[in-house]
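Down below is the structure, laid out as structure tokens.
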Amino acid sequence: MQLNHAQRELTLKIVYYGPGLSGKTTNLRHLHARASAEVRGRLLTVETHDDRTLFFDLLPVFFSTSSGFKVKVKLFTVPGQVIHNATRRIVLQGADAVAFIADSRRSATADNNAYWRNLQENMKENGLDVDQVPVVIQFNKRDLPDARSDAEMEVARKRGSEAVVGAVALKGEGVLETFHAVAQAAYRRLDARAHLARNVGLTEEEFLEQIFRRMDVTGTELEARYGQPAGGERSGSGGGR
């Protein structure tokens with residue numbers, strides 16, 4: 001978190017982490033498509049010829065609070081290929097929360113576990129407390145053969161303290177729910193550390209409302225809470241699943 005009282009600016013960083021082709025870029029592309037132009041920046045992507053993220057993706061989401069603070073939430077993805085671990089570690093620096101995008105197919109279990117351990121290692125290398133930085137787990141590709149059953153997903157939920165969200169990112173299913181869970185977790189951690197509600201005048205309710213009232217939440221679990229967006233758009237998403 002970067003908090004500048006003089007300029008009245010607050011910047012948060014959320015990193016999407018996980019194996020190659022698990023769907024990290026697809027998550028950001030779908031969020032970009034769902035966000036209204038007034039709160040979203042450009043989605044910057046650098047990809048290889050085989051449609052994999054080479055360096056990182058960045059999608060800034062920004063708004064102004066009722067107390068006059070400018071808030072920017074920066075969403076990054078890390079490259080999934082094994083050879084780019086140094087880049088993953090650099091992108092992870094200063095993360096306020098992490099969305100771990102896993103492939104829910106049973107055949108991907110070893111990869112998921114390897115990248116989970118890699119996340120823990122890189123957090124420690126960056127001086128991030130693995131017990132303090134919140135992580136939300138998204139099990140993507142729930143529509144594919146060999147995907148974990150609902151019962152297996154429930155076991156995963158009970159195994160750890162992390163929130164777990166099922167998703168089909170190519171169809172946009174579970175994408176906004178994942179972002180909501182990780183944004184909420186990031187706010188709660190920062191409020192506990194920096195007392196955002198008291199010192200900045202930004203409550204959890206306003207923080208989430210400012211973001212999700214300006215996103216197209218139609219057809220998601222967030223629709224009942226945030227209703228119709230202001231100027232949200234829809235468009236197809238691409239990238240790895």
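Listed values, structure above:
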| item | result |
| --- | --- |
| Residues with amide H under 5 Å from that of TYR16, placed H, sequence gap 5 or more | PHE76, THR77, VAL78, ALA99 |
| Fraction of antiparallel bridges per DSSP, the chain only, in percent to nearest 5 | 40 percent |
| Ordering of 204-210, 214-220, 178-184, 125-131 by packing [mean C-beta count within 10 Å, highest first] | 178-184, 214-220, 204-210, 125-131 |
| Out-of-range pairs (alpha-carbon distance over 19 Å; input LYS13/LYS72; LYS24/LYS141; LYS24/LYS171; LYS13/LYS141) | LYS13/LYS141 |
| Per residue, in Å², the accessible surface of the chain once ligands and nucleic acids are set aside, probe 1.4 Å | 45 Å² |
| Helix-only mean residue ellipticity at 222 nm for the chain, each DSSP H run of n ≥ 4 adding -39500 (n - 2.57), per residue, nearest 500 | -10000 deg cm²/dmol |
| Computed magnitude of the charge dipole of the chain (debye, nearest 20; Cβ of K, R +1, Cβ of D, E -1) | 340 debye |
| The chain - Kirkwood radius from inverse mean 1/r over Cα pairs (Å) | 18.0 Å |
| Alpha-carbon radius of gyration plus Dmax, which is the widest Cα pair, for region 1-141 in Å | 15.5, 51 |
| In Hz, Karplus ³J(HN,Hα) per residue of region 101-107 (6.51, -1.76, 1.60; θ = phi - 60°; x = Gly, Pro) | 9, 10, 8, 7, 5, 4, 5 |
| ILE90/LEU144 FRET efficiency (R0 35 Å; Cβ-Cβ; nearest 0.05) | 0.65 |
| Estimated inter-spin distance, ARG225 and GLN7, nm [label 7 Å along Cα→Cβ] | 3.1 nm |
| Rounded to 10°, Cα long-axis angle of helix 109-125 versus longest principal axis of the chain | 40 degrees |
| In degrees, nearest ten, helix 150-159 long axis to first principal axis of the chain (Cα) | 60 degrees |
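The values are calculated or read from the model by the stated rules, or taken from the named source; none is laboratory data. Bear in mind the structure is a predicted one, so any value in this text is a computation, not a measurement. Because the Cβ atoms are built from the backbone with ideal geometry, glycine has one as well, and the counts that use them run over all protein chains shown. The area values use the complete protein model at the heavy-atom level, side chains included, leaving out ligands, DNA and RNA. Shrake-Rupley method; radii C 1.70, N 1.55, O 1.52, S 1.80 Å.
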